[in-house]
Amino acid sequence: MLRLLLGRAGSGKTMAVRNALKDLAGSGDDKLMLIVPEQASFENERAMLRLLGPVLARRVSVVSFSRLAEEVLRHYGGFAGRRLDDGGRSIFMSLALEQVKDRLDIYRRNAESTELIGLLLDTCAEFKMCAVAPEDLFKAAEKMPDGTLRRKVSELSLILSAYDALVAQSYIDPLDDLTRLKEKLEQNDFFSGYTVMVDSFQSFPVQEYDVLSLILRQAKEVRAALCADRLDDPECGAGLFSLVRRTAKILIRLAKQNGVPVAAPIILESGTRFQSEDLKALEEGIYRPSHRKPFSGACKAISIYEAKNSYDESAFVAATIRRLMIDGGYRYRDFAVVARSQESYRGILDAALENWEIPYFMDRPEPVDAEPLMRL
């Protein structure tokens, strides 16, 4: 059975999922699994340990899709082998281009370009997430009329086929783990008797939908917590929760395709997490003009600062963090700075934090082709 748990931010969806797992574990059920995004797995493992204790927590498996693939492939075989990393991908894509260069027309001129290699790797990763194989590209190209697009798709299929063949000779690409997971689940009833909870997702790529379809078919029950206020979509795809509503409808369709009954969705009351009424009003009305209502109370938890530029804005943020740490009893780890684009504040925000002697962590991905070995 599929059960959907809907609610806006702060409505208690995650706590409802954790409490449900606690009740099931306490009743003796040991086939319990919580699937969360990769970046939230550690936080959820720690929360379940605190909630259930060391004994009952062993009955609940907290996994991401990548860790689920590792667990299943280790159980049934297929995980062993040398794992490919970003540096290896760049090398193999370069070799693939060199191998098929004489058969290329459009891509031949830039075959040795590091920029083209990066674009091809991004394209390859996206195709894998969407479960599109090079053979699918070749079939699609055959159905296209003669022209530039047909030649591009055909050459792209040729390059990616050569790349996959080179990788398969001696490495395992982690980007294919979910595809191999799907194949193992089709051959084995791994989720028989399981109650599976899915939390903290907005949507899923095709690879993950394929895995979820098999989980729905095999598991005793699947519960999915989604951040949305309702199941129908009156905004016709342009609303704040339209993407999540679409995800819910896809899950319902997958359940029906597999003959799995779907329970009526549970919609939680919004705003229960917020301790201040001004934050509650902000959550209710932000980015939703049709639901916006004037708030007449005192705004103690919200402040607006009109900065002159990014430097002024960053200095205000750093000074505010410093003041709240000294006067408000906070710790530096209690703060998170959210920006629309990290690139716009690189070298500005970090300089402001350092100027105010604020310790921080800023994730800065670096292109692999900037490394000395790759440049060589």
Condition check for Arg82: at pLDDT below 95 and not β-branched (Val, Ile, Thr): yes
Condition first: assigned to a helix (DSSP H, G or I) and within 22 Å of Leu34 (Cβ to Cβ). Now tell me which residues in region 181-206 satisfy that. Leu181, Lys182, Lys184, Leu185
Given (1) surrounded by fewer than 16 Cβ atoms within 10 Å (Cβ to Cβ); (2) out of contact with any strand residue (DSSP E or B) (no Cβ under 6 Å at 6 or more places or on another chain), Pro134 misses just (1)
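Among the candidates Ala219, Ala281, Ala264, single out the residue that is open to solvent by 20 Å² or more (accessible area, probe 1.4 Å), closer than 27 Å to Gly28 by Cα and free of Cβ contacts under 8 Å to residues at least 40 places away in the same chain. Write out each step before concluding.
Details: Ala219 fails: open to solvent by 20 Å² or more (accessible area, probe 1.4 Å); Ala281 fails: closer than 27 Å to Gly28 by Cα.
Answer to the selection: Ala264.
Listed here are the residues, each with its yes/no results for (1) within 30 Å of Leu231 (Cβ to Cβ); (2) touching a Phe, Trp or Tyr at 6+ places or on another chain (Cβ under 8 Å); (3) aliphatic (A, V, I, L, M).
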site	(1), (2), (3)
Ala255	yes, no, yes
Val262	yes, no, yes
Ile267	yes, no, yes
Gln275	yes, no, no
Ile286	yes, no, yes
Ala301	no, no, yes
Glu306	no, no, no
Asn309	no, no, no
Phe335	no, no, no
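Name the single residue that is surrounded by the most Cβ atoms within 10 Å (Cβ to Cβ) among those in region 140-176 being acidic (Asp, Glu) and more than 15 Å from Arg83 (Cα to Cα). Write out each step before concluding.
Our first condition is that a residue be acidic (Asp, Glu); within region 140-176, this holds for 142, 146, 155, 164, 173, 176.
From what is left, the residues that are more than 15 Å from Arg83 (Cα to Cα) are 142, 146, 155.
On the way: Glu142: 11, Asp146: 7, Glu155: 19.
For region 140-176, the residue satisfying everything is Glu155.
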Could you please find all residues in region 332-363 being open to solvent by less than 70 Å² (accessible area, probe 1.4 Å) and either assigned to a helix (DSSP H, G or I) or in contact (Cβ under 8 Å) with a residue 12 or more places away in the chain (or both)? Tyr332, Phe335, Ser344, Tyr345, Ile348, Leu349, Asp350, Ala351, Ala352, Leu353, Ile358, Met362
Of everything in region 313-331, what is exposed (fewer than 13 other Cβ atoms within 10 Å of the Cβ) and assigned to a helix (DSSP H, G or I)? Give them in sequence order. Arg323, Ile326, Asp327
So, of the residues in region 218-247 that are within 23 Å of the chain's Cα centre (by Cα) and part of a helix (DSSP H, G or I), which turns out to be farthest from Met197 (Cα to Cα)? Ser242
Inside region 79-111, the number of residues satisfying the requirement of being out of contact with any strand residue (DSSP E or B) (no Cβ under 7 Å at 6 or more places or on another chain) and open to solvent by 40 Å² or more (accessible area, probe 1.4 Å) is 17
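Within region 152-171, can you find the residues that are more than 23 Å from Ile91 (Cβ to Cβ) and either at pLDDT below 95 or out of contact with any helix residue (DSSP H, G or I) (no Cβ under 8 Å at 6 or more places or on another chain) (or both)?
Quick first cut of region 152-171, residues more than 23 Å from Ile91 (Cβ to Cβ) only: 152-154.
Scanning region 152-171 gives a single hit, Lys152.
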Answer with yes or no whether Leu120 is open to solvent by less than 80 Å² (accessible area, probe 1.4 Å) and assigned to a helix (DSSP H, G or I). yes
Members of region 123-147 found to be assigned to a helix (DSSP H, G or I) and of a type in the set (D, E, K, R), listed by number: Glu126, Lys128, Glu135, Asp136, Lys139, Glu142
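Quick one: would you say Arg109 is charged (D, E, K, R) and in a helix (DSSP H, G or I)? Outline the logic, then answer.
Values: charged (D, E, K, R): yes; in a helix (DSSP H, G or I): no.
So Arg109 does not fit the description; no.
Give the residue, chosen from Arg245, Arg223, that is charged (D, E, K, R) and more than 20 Å from Glu284 (Cα to Cα).
Criteria check complete, one pass: Arg223.
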What are the residues in region 207-244 that are among the basic types (Lys, Arg) and closer than 19 Å to Met1 by Cα, if any? Arg217, Lys220, Arg223
Need the failing condition index for Glu183 against (1) within 30 Å of Glu45 (Cα to Cα); (2) buried (at least 19 other Cβ atoms within 10 Å of the Cβ), just the number. (2)
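Is there a residue in region 277-300 that is over 18 Å from Arg8 (Cβ atoms), at pLDDT below 90, in a loop (DSSP other than H, G, I, E, B) and touching a helix residue (DSSP H, G or I) at 6+ places or on another chain (Cβ under 6 Å)? Reasoning before the result, please.
Step one: list which residues in region 277-300 are over 18 Å from Arg8 (Cβ atoms), which gives 294, 296-300.
Filter once more, keeping what is at pLDDT below 90: 294, 296-300.
Next, from what is left, pick out any that are in a loop (DSSP other than H, G, I, E, B): 294, 296-300.
From what is left, the residues that are touching a helix residue (DSSP H, G or I) at 6+ places or on another chain (Cβ under 6 Å) are 297, 299.
Yes, because at least one residue in region 277-300 is over 18 Å from Arg8 (Cβ atoms), at pLDDT below 90, in a loop (DSSP other than H, G, I, E, B) and touching a helix residue (DSSP H, G or I) at 6+ places or on another chain (Cβ under 6 Å).
The values are calculated or read from the model by the stated rules, or taken from the named source; none is laboratory data. Here the structure is a predicted model, which means the values were calculated and not measured. Neighbour counts run over all protein chains shown; Cβ positions are idealised from the backbone, glycine included. Surface accessibility is based on the protein's heavy atoms, side chains included, excluding ligands, DNA and RNA. Shrake-Rupley method; radii C 1.70, N 1.55, O 1.52, S 1.80 Å.
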